[in-house]
Amino acid sequence: MAPVIAPFEATAVESIPSTVNLCKTTFRTHKSKPVAYRLVQLRKLWWGLHDNMEALTEACKKDLGKPVFETGISEIDWCMNDIIFVTKNLEKWAKDESAPDIDLQNKLFSPRIKKEPLGTVLIIGAFNFPIQLSFGPLIGAIAAGCTAVLKPSEVSPASAMVLKKIVEEYLDPNAYAVVNGSIPESTALLNEKWDKIFYTGSGNVGTIIAKKAAETLTPVCLELGGQNPAFVTNHADARLAARRLLWGKLHNAGQVCISQNYIMVEKDILPAFIEQLKVAIKEFYPKGQRNSEDFARIVNNRHFQRIKKMVDDSKGKILIGGEMDESDNFIEITVVLVQDQNDSMIVDESFGPLMPLLAVDNIEEAIRTANSVHSTPLGLYAFGSKAETTKILNEVTSGGASINDAFYHGSIPTLAFGGVGDSGQGAYRGKASFDTFTHRRSITTTPGWIEKMLDIRYPPYAGKLEKFRKMNGKKANFDRNGKEIKGLGYWLRGPSFKAGLVRWVLVAAVAFGANRYATAGAGRLPSWLR
Ligand code: NAD
(Lines give C-alpha, C1' and ligand atoms only; values in the text may rest on other atoms or scores of the structure.)
Protein backbone atom coordinates (compact mmCIF):
# COMPACT_ATOMS: atom_id res chain seq x y z
CA MET A 1 0.00 0.00 0.00
CA ALA A 2 1.35 3.41 -0.94
CA PRO A 3 2.18 5.60 2.06
CA VAL A 4 -0.27 8.39 2.84
CA ILE A 5 1.14 11.85 2.32
CA ALA A 6 -0.78 14.74 3.81
CA PRO A 7 -1.98 17.36 1.32
CA PHE A 8 0.14 20.49 1.33
CA GLU A 9 -0.80 22.94 4.00
CA ALA A 10 0.88 26.28 4.58
CA THR A 11 1.75 27.10 8.17
CA ALA A 12 -0.44 29.87 9.64
CA VAL A 13 1.54 33.10 9.28
CA GLU A 14 0.34 34.29 12.73
CA SER A 15 1.93 31.25 14.35
CA ILE A 16 5.40 31.92 12.92
CA PRO A 17 6.68 34.45 15.54
CA SER A 18 5.83 32.12 18.43
CA THR A 19 7.44 29.14 16.68
CA VAL A 20 10.63 31.12 16.15
CA ASN A 21 10.50 32.43 19.69
CA LEU A 22 10.28 28.92 21.12
CA CYS A 23 13.41 27.86 19.21
CA LYS A 24 15.21 30.98 20.41
CA THR A 25 14.17 30.46 24.02
CA THR A 26 15.33 26.87 23.89
CA PHE A 27 18.71 27.99 22.56
CA ARG A 28 19.06 30.41 25.44
CA THR A 29 18.47 27.57 27.94
CA HIS A 30 21.65 25.98 26.46
CA LYS A 31 19.73 22.74 25.95
CA SER A 32 20.91 22.25 22.36
CA LYS A 33 24.60 22.76 23.17
CA PRO A 34 25.82 19.53 24.80
CA VAL A 35 27.29 17.17 22.22
CA ALA A 36 25.29 14.30 23.76
CA TYR A 37 22.03 16.15 22.98
CA ARG A 38 23.11 16.89 19.41
CA LEU A 39 24.04 13.25 18.84
CA VAL A 40 20.66 12.05 20.05
CA GLN A 41 18.83 14.52 17.79
CA LEU A 42 20.91 13.51 14.78
CA ARG A 43 20.38 9.82 15.46
CA LYS A 44 16.63 10.41 15.81
CA LEU A 45 16.65 12.21 12.48
CA TRP A 46 18.38 9.17 10.99
CA TRP A 47 15.54 7.00 12.26
CA GLY A 48 13.01 9.49 10.97
CA LEU A 49 14.50 9.11 7.50
CA HIS A 50 14.71 5.35 7.89
CA ASP A 51 11.09 4.98 8.98
CA ASN A 52 9.80 7.31 6.28
CA MET A 53 11.80 6.01 3.34
CA GLU A 54 8.72 4.93 1.44
CA ALA A 55 6.88 8.18 2.06
CA LEU A 56 9.92 10.20 0.98
CA THR A 57 10.37 8.11 -2.15
CA GLU A 58 6.70 8.50 -2.98
CA ALA A 59 6.84 12.24 -2.32
CA CYS A 60 9.81 12.74 -4.65
CA LYS A 61 7.96 10.70 -7.28
CA LYS A 62 4.88 12.92 -6.87
CA ASP A 63 6.83 16.17 -6.91
CA LEU A 64 9.41 15.51 -9.59
CA GLY A 65 8.74 12.04 -11.01
CA LYS A 66 12.10 11.31 -9.43
CA PRO A 67 13.38 7.80 -10.17
CA VAL A 68 13.58 5.61 -7.05
CA PHE A 69 17.31 5.12 -7.64
CA GLU A 70 17.95 8.87 -7.71
CA THR A 71 15.85 9.49 -4.58
CA GLY A 72 17.90 6.80 -2.90
CA ILE A 73 21.37 7.98 -3.79
CA SER A 74 20.98 11.73 -3.78
CA GLU A 75 18.26 12.30 -1.19
CA ILE A 76 17.53 9.63 1.44
CA ASP A 77 20.78 7.65 1.60
CA TRP A 78 22.73 10.86 1.15
CA CYS A 79 21.24 12.35 4.32
CA MET A 80 21.37 9.12 6.31
CA ASN A 81 25.04 8.58 5.44
CA ASP A 82 25.74 12.20 6.22
CA ILE A 83 24.26 11.75 9.71
CA ILE A 84 26.45 8.71 10.32
CA PHE A 85 29.55 10.58 9.13
CA VAL A 86 28.71 13.59 11.28
CA THR A 87 27.84 11.61 14.43
CA LYS A 88 31.08 9.65 14.14
CA ASN A 89 33.14 12.83 13.96
CA LEU A 90 31.19 15.27 16.08
CA GLU A 91 33.06 14.82 19.37
CA LYS A 92 36.31 15.55 17.56
CA TRP A 93 34.99 18.60 15.67
CA ALA A 94 33.32 20.09 18.75
CA LYS A 95 36.51 19.95 20.86
CA ASP A 96 38.47 23.11 21.52
CA GLU A 97 41.39 23.59 19.14
CA SER A 98 44.71 24.98 20.18
CA ALA A 99 45.29 28.09 18.12
CA PRO A 100 47.77 27.77 15.27
CA ASP A 101 50.67 30.17 14.46
CA ILE A 102 51.15 31.52 17.97
CA ASP A 103 54.61 32.69 19.01
CA LEU A 104 56.30 31.26 22.06
CA GLN A 105 55.58 34.06 24.51
CA ASN A 106 51.86 34.16 23.61
CA LYS A 107 51.59 30.42 24.13
CA LEU A 108 51.77 31.24 27.86
CA PHE A 109 48.24 32.62 27.52
CA SER A 110 46.86 29.25 26.31
CA PRO A 111 45.17 30.62 23.21
CA ARG A 112 42.48 28.30 21.89
CA ILE A 113 39.46 28.19 19.62
CA LYS A 114 36.18 27.22 21.23
CA LYS A 115 33.47 26.01 18.84
CA GLU A 116 30.17 27.64 19.68
CA PRO A 117 26.79 27.30 17.98
CA LEU A 118 25.72 30.49 16.23
CA GLY A 119 22.26 30.38 17.78
CA THR A 120 18.86 29.99 16.14
CA VAL A 121 19.09 29.64 12.39
CA LEU A 122 16.73 29.72 9.43
CA ILE A 123 17.15 27.21 6.60
CA ILE A 124 15.29 27.81 3.33
CA GLY A 125 15.38 24.87 0.94
CA ALA A 126 14.94 24.56 -2.83
CA PHE A 127 12.66 22.23 -4.76
CA ASN A 128 15.00 20.13 -6.86
CA PHE A 129 16.51 18.00 -4.09
CA PRO A 130 13.73 18.59 -1.59
CA ILE A 131 15.17 16.29 1.07
CA GLN A 132 18.90 16.79 0.70
CA LEU A 133 18.84 20.59 0.35
CA SER A 134 16.66 20.93 3.46
CA PHE A 135 17.96 18.20 5.75
CA GLY A 136 21.61 18.63 4.63
CA PRO A 137 21.94 22.07 6.23
CA LEU A 138 19.68 21.01 9.13
CA ILE A 139 22.13 18.22 9.96
CA GLY A 140 24.91 20.83 10.07
CA ALA A 141 22.83 23.13 12.30
CA ILE A 142 21.98 20.37 14.79
CA ALA A 143 25.60 19.17 14.79
CA ALA A 144 26.81 22.68 15.57
CA GLY A 145 24.40 22.93 18.53
CA CYS A 146 22.01 25.45 16.96
CA THR A 147 18.25 25.40 17.12
CA ALA A 148 16.59 25.81 13.73
CA VAL A 149 13.52 26.51 11.68
CA LEU A 150 13.38 24.85 8.27
CA LYS A 151 11.31 26.18 5.37
CA PRO A 152 11.28 23.59 2.60
CA SER A 153 10.35 24.61 -0.93
CA GLU A 154 6.62 24.71 -1.55
CA VAL A 155 7.38 23.86 -5.17
CA SER A 156 7.93 20.25 -4.01
CA PRO A 157 4.84 20.18 -1.76
CA ALA A 158 4.59 16.45 -1.04
CA SER A 159 8.21 16.29 0.12
CA ALA A 160 7.71 19.41 2.23
CA MET A 161 4.88 17.72 4.11
CA VAL A 162 6.91 14.57 4.79
CA LEU A 163 9.85 16.65 6.04
CA LYS A 164 7.50 18.45 8.42
CA LYS A 165 6.12 15.15 9.70
CA ILE A 166 9.62 13.77 10.32
CA VAL A 167 10.85 16.85 12.17
CA GLU A 168 7.73 17.03 14.31
CA GLU A 169 7.70 13.33 15.18
CA TYR A 170 11.40 12.70 15.71
CA LEU A 171 13.12 15.90 16.85
CA ASP A 172 12.84 18.03 19.96
CA PRO A 173 9.80 20.24 19.21
CA ASN A 174 11.17 23.02 21.40
CA ALA A 175 14.32 23.28 19.33
CA TYR A 176 13.44 22.45 15.71
CA ALA A 177 10.44 23.32 13.58
CA VAL A 178 9.29 23.25 9.98
CA VAL A 179 7.32 26.13 8.51
CA ASN A 180 5.68 25.32 5.20
CA GLY A 181 4.53 27.87 2.68
CA SER A 182 5.62 30.28 -0.01
CA ILE A 183 6.35 34.00 -0.12
CA PRO A 184 4.05 35.16 2.75
CA GLU A 185 5.46 32.54 5.11
CA SER A 186 9.07 33.18 3.97
CA THR A 187 8.54 36.90 4.42
CA ALA A 188 7.19 36.36 7.94
CA LEU A 189 10.26 34.26 8.69
CA LEU A 190 12.59 36.88 7.27
CA ASN A 191 10.96 39.49 9.51
CA GLU A 192 12.39 37.64 12.50
CA LYS A 193 15.93 38.15 13.75
CA TRP A 194 18.14 35.11 13.08
CA ASP A 195 21.68 34.17 13.97
CA LYS A 196 22.23 32.86 10.45
CA ILE A 197 20.15 32.35 7.32
CA PHE A 198 21.05 29.45 5.08
CA TYR A 199 19.37 29.81 1.70
CA THR A 200 19.38 27.57 -1.36
CA GLY A 201 17.71 28.77 -4.55
CA SER A 202 17.85 31.39 -7.25
CA GLY A 203 20.05 34.47 -7.23
CA ASN A 204 16.98 36.75 -7.43
CA VAL A 205 15.51 35.46 -4.19
CA GLY A 206 19.03 35.22 -2.76
CA THR A 207 19.30 38.98 -3.22
CA ILE A 208 16.01 39.55 -1.34
CA ILE A 209 17.29 37.35 1.50
CA ALA A 210 20.70 39.04 1.66
CA LYS A 211 19.12 42.54 1.71
CA LYS A 212 16.74 41.58 4.48
CA ALA A 213 19.55 39.92 6.45
CA ALA A 214 21.74 43.01 6.07
CA GLU A 215 19.16 45.11 7.94
CA THR A 216 19.98 43.18 11.12
CA LEU A 217 23.59 42.26 10.23
CA THR A 218 22.58 38.61 10.03
CA PRO A 219 25.17 36.36 8.40
CA VAL A 220 24.03 34.37 5.37
CA CYS A 221 25.10 31.31 3.48
CA LEU A 222 23.77 31.53 -0.06
CA GLU A 223 23.74 28.48 -2.29
CA LEU A 224 22.69 29.87 -5.65
CA GLY A 225 22.71 28.85 -9.30
CA GLY A 226 24.96 29.69 -12.18
CA GLN A 227 25.36 29.10 -15.89
CA ASN A 228 27.94 26.39 -15.66
CA PRO A 229 30.15 25.91 -18.71
CA ALA A 230 31.51 22.62 -20.03
CA PHE A 231 34.46 22.34 -22.39
CA VAL A 232 35.24 19.54 -24.82
CA THR A 233 38.54 19.98 -26.65
CA ASN A 234 39.88 18.09 -29.64
CA HIS A 235 42.01 16.02 -27.28
CA ALA A 236 39.03 14.75 -25.30
CA ASP A 237 37.67 11.23 -25.50
CA ALA A 238 34.39 11.91 -27.32
CA ARG A 239 32.65 8.83 -25.92
CA LEU A 240 33.56 9.56 -22.31
CA ALA A 241 32.68 13.23 -22.62
CA ALA A 242 29.30 12.38 -24.18
CA ARG A 243 28.32 9.76 -21.58
CA ARG A 244 29.48 11.81 -18.62
CA LEU A 245 27.94 15.10 -19.72
CA LEU A 246 24.69 13.27 -20.46
CA TRP A 247 24.74 12.00 -16.88
CA GLY A 248 25.00 15.65 -15.82
CA LYS A 249 21.70 16.34 -17.58
CA LEU A 250 19.69 13.18 -17.12
CA HIS A 251 19.95 13.13 -13.31
CA ASN A 252 16.73 14.74 -12.03
CA ALA A 253 16.01 15.71 -15.67
CA GLY A 254 18.74 18.33 -15.48
CA GLN A 255 17.17 20.12 -12.49
CA VAL A 256 20.52 20.23 -10.77
CA CYS A 257 22.20 23.51 -9.87
CA ILE A 258 25.62 22.19 -10.83
CA SER A 259 24.75 20.49 -14.11
CA GLN A 260 26.37 22.10 -17.14
CA ASN A 261 24.26 24.79 -18.75
CA TYR A 262 26.05 24.75 -22.11
CA ILE A 263 28.89 22.86 -23.74
CA MET A 264 31.61 24.44 -25.84
CA VAL A 265 33.06 21.93 -28.25
CA GLU A 266 36.10 22.38 -30.48
CA LYS A 267 35.05 22.07 -34.10
CA ASP A 268 37.10 19.01 -35.10
CA ILE A 269 35.64 16.80 -32.37
CA LEU A 270 32.06 18.09 -32.69
CA PRO A 271 30.76 15.41 -35.15
CA ALA A 272 32.20 12.56 -33.05
CA PHE A 273 30.84 14.10 -29.86
CA ILE A 274 27.32 14.42 -31.31
CA GLU A 275 27.49 10.85 -32.59
CA GLN A 276 28.51 9.59 -29.14
CA LEU A 277 25.66 11.54 -27.50
CA LYS A 278 23.23 9.67 -29.77
CA VAL A 279 24.84 6.32 -28.97
CA ALA A 280 24.78 6.95 -25.21
CA ILE A 281 21.16 8.16 -25.13
CA LYS A 282 20.10 5.00 -26.96
CA GLU A 283 22.08 2.89 -24.53
CA PHE A 284 20.75 4.63 -21.39
CA TYR A 285 17.13 4.74 -22.57
CA PRO A 286 16.55 1.91 -25.08
CA LYS A 287 12.78 2.56 -25.07
CA GLY A 288 13.12 6.33 -24.92
CA GLN A 289 12.98 8.61 -21.89
CA ARG A 290 9.19 8.95 -22.11
CA ASN A 291 8.69 5.28 -21.27
CA SER A 292 11.51 4.97 -18.79
CA GLU A 293 11.19 4.80 -15.01
CA ASP A 294 14.67 6.27 -14.93
CA PHE A 295 13.92 9.78 -16.08
CA ALA A 296 12.36 12.51 -13.92
CA ARG A 297 9.77 15.13 -14.85
CA ILE A 298 9.94 18.91 -14.73
CA VAL A 299 8.65 20.00 -11.33
CA ASN A 300 5.60 21.97 -12.53
CA ASN A 301 3.95 23.66 -15.49
CA ARG A 302 5.59 27.03 -14.79
CA HIS A 303 9.04 25.54 -15.07
CA PHE A 304 7.93 23.40 -18.05
CA GLN A 305 6.83 26.56 -19.89
CA ARG A 306 10.05 28.37 -18.95
CA ILE A 307 12.23 25.59 -20.36
CA LYS A 308 10.04 25.16 -23.44
CA LYS A 309 10.35 28.87 -24.17
CA MET A 310 14.14 28.62 -24.08
CA VAL A 311 13.93 25.97 -26.81
CA ASP A 312 11.24 27.82 -28.80
CA ASP A 313 13.23 31.07 -28.75
CA SER A 314 16.49 29.39 -29.75
CA LYS A 315 17.97 30.13 -33.14
CA GLY A 316 19.84 26.84 -32.97
CA LYS A 317 19.18 23.53 -34.68
CA ILE A 318 17.77 20.61 -32.67
CA LEU A 319 20.09 17.64 -33.21
CA ILE A 320 18.67 15.17 -30.70
CA GLY A 321 15.37 15.01 -28.78
CA GLY A 322 12.97 17.92 -28.56
CA GLU A 323 9.90 15.91 -27.57
CA MET A 324 7.75 17.52 -24.86
CA ASP A 325 4.45 16.66 -23.21
CA GLU A 326 2.82 19.37 -21.16
CA SER A 327 0.26 17.01 -19.60
CA ASP A 328 3.09 15.18 -17.86
CA ASN A 329 5.70 17.98 -17.61
CA PHE A 330 7.93 15.76 -19.72
CA ILE A 331 10.85 17.23 -21.63
CA GLU A 332 13.22 14.94 -23.45
CA ILE A 333 16.96 15.50 -23.32
CA THR A 334 17.33 18.04 -26.08
CA VAL A 335 20.64 18.67 -27.79
CA VAL A 336 20.73 21.88 -29.82
CA LEU A 337 23.58 23.28 -31.89
CA VAL A 338 23.39 27.02 -31.18
CA GLN A 339 25.05 29.76 -33.21
CA ASP A 340 26.35 32.02 -30.50
CA GLN A 341 26.48 32.72 -26.79
CA ASN A 342 23.49 35.06 -27.00
CA ASP A 343 21.15 32.19 -27.75
CA SER A 344 18.15 31.81 -25.39
CA MET A 345 19.53 28.43 -24.36
CA ILE A 346 22.75 29.95 -23.03
CA VAL A 347 21.81 33.35 -21.63
CA ASP A 348 19.65 31.82 -18.89
CA GLU A 349 20.15 28.84 -16.64
CA SER A 350 17.98 26.06 -18.09
CA PHE A 351 17.70 24.00 -14.92
CA GLY A 352 16.29 21.30 -17.19
CA PRO A 353 17.36 18.62 -19.70
CA LEU A 354 18.69 21.00 -22.35
CA MET A 355 22.13 20.55 -23.88
CA PRO A 356 23.07 23.51 -26.07
CA LEU A 357 26.33 22.94 -27.94
CA LEU A 358 28.44 25.86 -29.07
CA ALA A 359 31.16 25.12 -31.62
CA VAL A 360 34.44 26.95 -30.89
CA ASP A 361 37.69 27.30 -32.83
CA ASN A 362 39.95 26.80 -29.83
CA ILE A 363 40.03 26.79 -26.06
CA GLU A 364 40.99 30.48 -25.88
CA GLU A 365 37.67 31.30 -27.53
CA ALA A 366 35.86 28.93 -25.15
CA ILE A 367 37.51 30.55 -22.11
CA ARG A 368 36.62 34.05 -23.36
CA THR A 369 33.03 32.96 -23.90
CA ALA A 370 32.72 31.30 -20.49
CA ASN A 371 34.05 34.41 -18.78
CA SER A 372 31.64 36.68 -20.61
CA VAL A 373 28.52 34.51 -20.11
CA HIS A 374 28.99 34.32 -16.33
CA SER A 375 32.15 35.30 -14.54
CA THR A 376 31.51 33.18 -11.43
CA PRO A 377 29.56 30.01 -12.28
CA LEU A 378 28.78 27.37 -9.66
CA GLY A 379 30.51 24.56 -11.55
CA LEU A 380 32.87 23.99 -14.46
CA TYR A 381 33.52 20.81 -16.46
CA ALA A 382 36.51 20.33 -18.70
CA PHE A 383 37.38 17.45 -21.00
CA GLY A 384 40.73 17.53 -22.80
CA SER A 385 44.44 17.11 -22.27
CA LYS A 386 45.98 17.82 -18.86
CA ALA A 387 47.52 21.05 -20.15
CA GLU A 388 44.18 22.20 -21.56
CA THR A 389 42.09 21.37 -18.51
CA THR A 390 44.68 23.05 -16.26
CA LYS A 391 44.54 26.18 -18.42
CA ILE A 392 40.73 26.19 -18.26
CA LEU A 393 40.78 25.75 -14.47
CA ASN A 394 43.28 28.58 -14.10
CA GLU A 395 41.48 31.01 -16.37
CA VAL A 396 37.81 30.45 -15.54
CA THR A 397 36.70 30.66 -11.94
CA SER A 398 33.81 28.66 -10.46
CA GLY A 399 32.42 27.44 -7.14
CA GLY A 400 33.69 23.92 -7.82
CA ALA A 401 34.90 21.95 -10.83
CA SER A 402 35.16 18.43 -12.19
CA ILE A 403 37.84 17.51 -14.66
CA ASN A 404 36.91 14.81 -17.14
CA ASP A 405 33.38 14.57 -15.78
CA ALA A 406 30.09 16.35 -15.23
CA PHE A 407 29.39 17.44 -11.63
CA TYR A 408 31.32 14.64 -9.91
CA HIS A 409 32.81 17.00 -7.30
CA GLY A 410 29.26 17.82 -6.22
CA SER A 411 28.39 14.18 -5.68
CA ILE A 412 30.94 13.62 -2.92
CA PRO A 413 28.91 14.12 0.25
CA THR A 414 31.86 15.08 2.45
CA LEU A 415 33.50 17.55 0.06
CA ALA A 416 32.77 21.19 0.93
CA PHE A 417 30.27 22.60 -1.56
CA GLY A 418 29.49 26.22 -2.35
CA GLY A 419 29.50 28.97 -4.93
CA VAL A 420 31.62 32.02 -5.52
CA GLY A 421 30.52 35.55 -6.45
CA ASP A 422 27.09 35.40 -8.11
CA SER A 423 26.77 31.65 -7.55
CA GLY A 424 26.81 32.01 -3.79
CA GLN A 425 28.80 32.47 -0.63
CA GLY A 426 29.69 30.08 2.15
CA ALA A 427 29.94 26.32 1.91
CA TYR A 428 28.60 23.20 3.59
CA ARG A 429 28.58 19.38 3.53
CA GLY A 430 30.70 17.09 5.66
CA LYS A 431 32.65 19.07 8.24
CA ALA A 432 31.89 22.30 6.37
CA SER A 433 28.21 21.89 7.45
CA PHE A 434 29.31 21.94 11.08
CA ASP A 435 31.62 24.89 10.43
CA THR A 436 29.00 26.98 8.67
CA PHE A 437 26.82 27.07 11.80
CA THR A 438 29.71 27.38 14.25
CA HIS A 439 31.36 30.45 15.70
CA ARG A 440 35.07 29.93 16.24
CA ARG A 441 35.56 31.84 19.44
CA SER A 442 39.13 32.84 20.24
CA ILE A 443 39.93 32.60 23.94
CA THR A 444 43.02 33.29 26.03
CA THR A 445 43.66 32.79 29.76
CA THR A 446 46.12 35.11 31.48
CA PRO A 447 47.83 33.45 34.46
CA GLY A 448 48.34 35.49 37.62
CA TRP A 449 52.07 34.76 37.84
CA ILE A 450 52.69 36.50 34.51
CA GLU A 451 51.94 39.98 35.84
CA LYS A 452 55.59 40.97 36.02
CA MET A 453 56.01 40.26 32.29
CA LEU A 454 52.91 42.28 31.50
CA ASP A 455 54.29 45.32 33.20
CA ILE A 456 55.38 46.67 29.84
CA ARG A 457 51.78 47.31 28.71
CA TYR A 458 50.85 49.59 31.58
CA PRO A 459 51.53 53.34 31.74
CA PRO A 460 53.69 55.22 32.23
CA TYR A 461 54.92 54.28 28.74
CA ALA A 462 58.23 56.13 28.83
CA GLY A 463 61.04 53.95 27.45
CA LYS A 464 58.74 51.01 26.89
CA LEU A 465 58.26 51.21 23.12
CA GLU A 466 61.91 50.46 22.39
CA LYS A 467 61.80 47.58 24.80
CA PHE A 468 58.61 46.28 23.21
CA ARG A 469 60.12 46.49 19.73
CA LYS A 470 63.20 44.62 20.86
CA MET A 471 61.04 41.87 22.27
CA ASN A 472 58.35 41.67 19.58
CA GLY A 473 59.65 43.43 16.49
CA LYS A 474 60.04 41.30 13.40
CA LYS A 475 62.71 41.85 10.78
CA ALA A 476 61.36 42.37 7.24
CA ASN A 477 62.57 39.71 4.83
CA PHE A 478 61.81 41.82 1.74
CA ASP A 479 63.21 44.97 0.13
CA ARG A 480 61.50 48.14 -1.09
CA ASN A 481 60.59 46.51 -4.39
CA GLY A 482 58.79 43.68 -2.67
CA LYS A 483 61.57 41.22 -3.42
CA GLU A 484 62.46 38.62 -0.86
CA ILE A 485 65.85 39.09 0.80
CA LYS A 486 67.49 35.72 0.61
CA GLY A 487 69.27 35.27 3.92
CA LEU A 488 70.57 32.04 5.38
CA GLY A 489 67.04 31.08 6.42
CA TYR A 490 65.88 31.19 2.81
CA TRP A 491 68.64 28.89 1.65
CA LEU A 492 68.11 26.50 4.51
CA ARG A 493 64.34 26.34 3.99
CA GLY A 494 64.90 25.49 0.33
CA PRO A 495 61.89 27.05 -1.44
CA SER A 496 63.20 26.08 -4.88
CA PHE A 497 65.37 23.47 -6.51
CA LYS A 498 68.31 25.88 -6.55
CA ALA A 499 67.91 26.72 -2.90
CA GLY A 500 67.45 23.05 -2.07
CA LEU A 501 70.71 22.30 -3.83
CA VAL A 502 72.52 25.03 -1.90
CA ARG A 503 71.05 23.64 1.32
CA TRP A 504 72.39 20.18 0.62
CA VAL A 505 75.80 21.54 -0.37
CA LEU A 506 75.88 23.44 2.95
CA VAL A 507 74.82 20.36 4.91
CA ALA A 508 77.42 18.23 3.09
CA ALA A 509 80.15 20.84 3.74
CA VAL A 510 79.33 20.96 7.45
CA ALA A 511 79.30 17.17 7.66
CA PHE A 512 82.59 16.96 5.75
CA GLY A 513 84.20 19.60 8.00
CA ALA A 514 83.01 17.83 11.14
CA ASN A 515 84.38 14.59 9.86
CA ARG A 516 87.79 16.16 9.08
CA TYR A 517 87.83 17.79 12.47
CA ALA A 518 86.93 14.54 14.18
CA THR A 519 89.66 12.63 12.33
CA ALA A 520 92.34 15.27 12.91
CA GLY A 521 91.61 16.15 16.50
CA ALA A 522 89.32 13.46 17.80
CA GLY A 523 90.82 13.87 21.18
CA ARG A 524 89.33 17.34 21.46
CA LEU A 525 85.77 16.19 20.55
CA PRO A 526 83.33 15.04 23.21
CA SER A 527 82.89 11.29 23.10
CA TRP A 528 79.26 11.40 21.83
CA LEU A 529 80.48 13.22 18.69
CA ARG A 530 83.24 10.83 17.84
P1 NAD B 1 12.53 27.46 -5.23
O2 NAD B 1 11.38 27.93 -6.06
O3 NAD B 1 12.47 26.15 -4.61
O4 NAD B 1 12.81 28.62 -4.17
C5 NAD B 1 13.77 28.48 -3.20
C6 NAD B 1 13.21 28.90 -1.88
O7 NAD B 1 13.03 30.30 -1.85
C8 NAD B 1 11.85 28.29 -1.58
O9 NAD B 1 11.85 27.77 -0.27
C10 NAD B 1 10.91 29.45 -1.76
O11 NAD B 1 9.74 29.34 -0.98
C12 NAD B 1 11.74 30.61 -1.34
N13 NAD B 1 11.28 31.87 -1.90
C14 NAD B 1 10.81 32.10 -3.15
N15 NAD B 1 10.51 33.39 -3.30
C16 NAD B 1 10.81 34.01 -2.13
C17 NAD B 1 10.75 35.35 -1.68
N18 NAD B 1 10.30 36.33 -2.43
N19 NAD B 1 11.15 35.61 -0.41
C20 NAD B 1 11.62 34.61 0.38
N21 NAD B 1 11.70 33.33 -0.01
C22 NAD B 1 11.30 33.02 -1.24
O23 NAD B 1 13.79 27.40 -6.04
P24 NAD B 1 14.25 28.27 -7.17
O25 NAD B 1 14.52 29.60 -6.60
O26 NAD B 1 13.41 28.17 -8.38
O27 NAD B 1 15.55 27.37 -7.36
C28 NAD B 1 16.17 27.22 -8.54
C29 NAD B 1 17.48 27.93 -8.44
O30 NAD B 1 18.17 27.47 -7.30
C31 NAD B 1 18.39 27.63 -9.60
O32 NAD B 1 19.04 28.81 -9.98
C33 NAD B 1 19.38 26.64 -9.04
O34 NAD B 1 20.59 26.66 -9.71
C35 NAD B 1 19.49 27.11 -7.64
N36 NAD B 1 19.91 26.03 -6.76
C37 NAD B 1 21.12 26.13 -6.18
C38 NAD B 1 21.58 25.10 -5.40
C39 NAD B 1 22.94 25.16 -4.75
O40 NAD B 1 23.22 24.30 -3.92
N41 NAD B 1 23.79 26.11 -5.07
C42 NAD B 1 20.80 23.97 -5.21
C43 NAD B 1 19.56 23.93 -5.81
C44 NAD B 1 19.11 24.96 -6.58
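The values are calculated or read from the model by the stated rules, or taken from the named source; none is laboratory data. Everything quoted here is computed from the prediction, not taken from an experiment. Positions of Cβ are generated from backbone atoms using ideal geometry, with glycine treated the same way; all protein chains shown enter the neighbour counts.
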Kindly indicate the residue of segment 105-125 that is touching a Phe, Trp or Tyr at 6+ places or on another chain (Cβ under 7 Å) and surrounded by 24 or more Cβ atoms within 10 Å (Cβ to Cβ) and also nearest to residue 90 (Cα to Cα) among those meeting that condition. 117
Residue that is nearest to the ligand (Cβ to nearest atom) [pool: residues in segment 412-458 that are under 30 Å from residue 81 (Cβ atoms) and assigned to a helix (DSSP H, G or I)]: 423
I'd like to verify a number: residues in segment 185-196 that are more than 10 Å from the ligand (Cβ to nearest atom) and either in contact with a Cys (Cβ under 9 Å, 6 or more places away or on another chain) or within 25 Å of residue 432 (Cα to Cα) (or both), how many? 4
Yes or no: residue 342 within 16 Å of the ligand (Cβ to nearest atom) and at pLDDT 95 or above? no
Could you list, in sequence order, all residues of segment 361-406 that are crowded, with 22+ Cβ neighbours inside 10 Å and of a type in the set (A, V, I, L, M, F, W, C)? 363, 366, 370, 378, 380, 382, 383, 392, 396, 401, 406
Quickly run through segment 168-184 and pick out the residues that are surrounded by 19 or more Cβ atoms within 10 Å (Cβ to Cβ) and near the ligand (Cβ under 8 Å from one of its atoms). 181
Quick check on residue 296: is it within 27 Å of the chain's Cα centre (by Cα), within 16 Å of the ligand (Cβ to nearest atom), among the aliphatic types (A, V, I, L, M) and in a strand (DSSP E or B)? no
Can you pull out the residues in segment 245-266 that are of a type outside the set (Ser, Thr, Tyr), closer than 21 Å to residue 367 by Cβ and within 21 Å of the chain's Cα centre (by Cα)? 245, 248, 258, 260, 261
Could you tell me whether residue 389 is outside the structural domain of residue 63 (by TED's automatic domain parsing), part of a helix (DSSP H, G or I) and over 23 Å from residue 278 (Cα atoms)? yes
Checking residue 225 against (1) surrounded by fewer than 21 Cβ atoms within 10 Å (Cβ to Cβ); (2) not in a helix (DSSP H, G or I): exactly one of these is not met. Which one? (1)
Can you tell me which condition residue 382 does not meet? The list is (1) more than 15 Å from the ligand (Cβ to nearest atom); (2) not in a strand (DSSP E or B), and all the others hold. (2)
Please identify the pairs in which a residue from segment 155-167 that is away from the ligand (no atom under 14 Å from the Cβ) has its Cβ atom under 7 Å from the Cβ atom of a residue that is among the hydroxyl-bearing types (Ser, Thr, Tyr), counting only partners at least 6 apart or on another chain. 167/176
Is there any pair linking a residue in segment 180-205 that is polar (S, T, N, Q) to one that is more than 8 Å from the ligand (Cβ to nearest atom), with Cβ under 6 Å and at least six apart or on different chains, and which? 180/10; 180/11; 180/160; 180/164
